[in-house]
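Please read the structure below before turning to the comments.
The values are calculated or read from the model by the stated rules, or taken from the named source; none is laboratory data. Just so it is clear, the structure is predicted and the values come from calculations on it, not from any experiment. So basically every Cβ, Gly included, is an ideal-geometry build from the backbone, and we count neighbours across all protein chains shown. We work out accessible area using only protein heavy atoms, side chains counted, and drop any ligands, DNA or RNA first. Shrake-Rupley method; radii C 1.70, N 1.55, O 1.52, S 1.80 Å.
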Amino acid sequence: MKYRYLKDVVTLELDRHKCTGCGMCIEVCPHEVFTVESRKAAIVDKDSCMECGACARNCPASAISVRAGVGCASGIIRGRLNGSNECCCE
Amino acid sequence: MPEKNMSCNTTSSQCCCGQSNTVEENNLLDESNAGWITGKVLTPAGDVLRVSTRLNARDILGSWKARWGINRHNYKIGPGLYGVGDPTDHSPVLVSANYKMSFDSLRKELAGIDAWILVLDTKGINVWCAAGKGTFGTGEVVHRIKAVDLDRRVSHRKLILPQLGAPGVAAHEVFKKSGFRVIYGPVRASDLKAFIAEGMKATPDMRAVKFRFADRIVLTPIELAHLIWPLAIAIAAIIIMNLLGIRFINSFHDLMPYAGAVLIGCVIVPALLPWIPGRAFAWKGWLLGLIWALLIDALYTWNLAASISWGPALFYLLILPPISAYLAMNFTGSSTYTSLSGVKKEMRIWLPIIIGSAGAGIVLMFSRLFLKF
């Protein structure tokens, strides 16, 4: 069963002009967000993206952008209270 | 003095870089009593500690304690190179974090395999969280390759990284800076044998993060452990209020509604996560909290013979759902599929509801206490 989180919130963008079709994004994505269409990457399931940033960091062509971070409410609250960027996993 | 030696390995890179052979010896001094080191692998570039692929009682107890938040921030091993089986210069190199539970979950899957384990200094944090923070990162991979003289230990130039390390590591940059090619392995260490047998190929199933019932349940103790201080404060507040004559909790019977709301947010929502309708975690918690509040109302305040005692009934409806909603919302951090943007949106909508409802409940409670209605 695939989990579903909120719709239409994810900041993931792919620039298909820059994409070289290496397939690295497909390899690192934990939620099967990408596929290959006509020898280039394509986003097929954007709402499944958890913005971990693995694809953007491992894209040799810098074709992917995403505002990466940890989806963690207590971390966000702590960050706001302390003014720091704390993550809940500690 | 294990602590001292450990900090030598983890924080002062200078003391290890110059003399790579001492990295492993330090670990031997630190961990020789722990039982998971079984000997040494001799290599031309120096000896490497051989580790067991079986977890002993102490390893299992250590994991259990970490799950409950006991010694969790200091549950780490020395970074460096380790061996399992009889590794040679052709054996694969598996990269892991120096959180002991990460290391244990890797080595227990390696029975019958000859391999090297390159442990990065992630400050005792697991692979995924460390990758998110950047300590399981490109810089540390490149640094650790040099620190352990990896190019003198193995003849190939490949590293197998856990896929969940990918948010912190840029494979192409590691290659540029070290000459080692990063291959992302499966998400779960239990798939490693099949991955290696298939010639380092992961199936889509091995690449997908799962969040099964058992995966969710093991995360619930820490959710409860996080409540120890808030709970202590709450109990102190109740005692002070009782001393002041404000008695709204006198017995276990009065405590039950709150204990249930906490349990729903911390345990029941995580356990039933995929089956509770809706998407936002706070909503899932609020929904079950509301059902609980109605149940409590039916049991406690609704006497069939008499009329509904509307004050307490309304109070429970206002106070219990937001407790469950807030705690359920905190489980977003433990889940494997919530995005930062999504959680921010969820908080924008739900925090005002949670604060508003709980605030209204507290105002109602005090009004009833002081105005005696």
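Filtering the stretch B:304-361 to residues that are away from every other protein chain (no Cβ under 14 Å) and assigned to a loop (DSSP other than H, G, I, E, B) leaves B:L304, B:A305, B:A306, B:S307, B:S309.
What single numbered condition from (1) open to solvent by 30 Å² or more (accessible area, probe 1.4 Å); (2) within 20 Å of the chain's Cα centre (by Cα) fails to hold for B:G139? Checking B:G139 against (1) open to solvent by 30 Å² or more (accessible area, probe 1.4 Å); (2) within 20 Å of the chain's Cα centre (by Cα), the one that fails is (2).
One residue is enough: does the stretch B:177-193 have a residue meeting the conditions of a type in the set (V, I, T), surrounded by 14 or more Cβ atoms within 10 Å (Cβ to Cβ), over 20 Å from B:Y82 (Cα atoms) and at pLDDT 95 or above? No, that holds for no residue. What are the residues in the stretch B:257-273 that are free of Cβ contacts under 8 Å to residues at least 24 places away in the same chain and within 14 Å of another protein chain (Cβ to nearest Cβ), if any? If the condition is that a residue be free of Cβ contacts under 8 Å to residues at least 24 places away in the same chain and within 14 Å of another protein chain (Cβ to nearest Cβ), then B:L272 is the only one that fits. Among the criteria (1) more than 12 Å from chain A (Cβ to nearest Cβ); (2) in contact (Cβ under 8 Å) with a residue 12 or more places away in the chain; (3) not hydroxyl-bearing (S, T, Y), the one B:I240 does not fulfil is (2). For the stretch A:1-42, the set of residues classified as out of contact with any helix residue (DSSP H, G or I) (no Cβ under 9 Å at 6 or more places or on another chain) and over 21 Å from B:G168 (Cα atoms) consists of A:D15, A:R16, A:H17, A:K18, A:T20, A:G21, A:E37, A:S38, A:R39, A:K40, A:A42, listed by residue number. Just one of the listed residues (A:K40, A:K46, A:K2) is open to solvent by 60 Å² or more (accessible area, probe 1.4 Å), in contact with a Leu (Cβ under 7 Å, 6 or more places away or on another chain) and more than 7 Å from chain B (Cβ to nearest Cβ), and it is A:K46.
Per the listing B:G356, B:G289, B:G342, B:G285, the residue uniquely out of contact with any Lys or Arg (no Cβ under 7 Å at 6 or more places or on another chain), within 24 Å of B:I246 (Cβ to Cβ) and modelled with pLDDT of 95 or more is B:G356. When B:L110, B:L106, B:L61, B:L94 are screened for being assigned to a strand (DSSP E or B) and assigned by TED's automatic domain parsing to the domain that holds B:R152, only B:L94 passes. Tallying residues that are of a type in the set (G, A, S), modelled with pLDDT under 95 and out of contact with any Asp or Glu (no Cβ under 8 Å at 6 or more places or on another chain) within the stretch B:300-338 yields 7.
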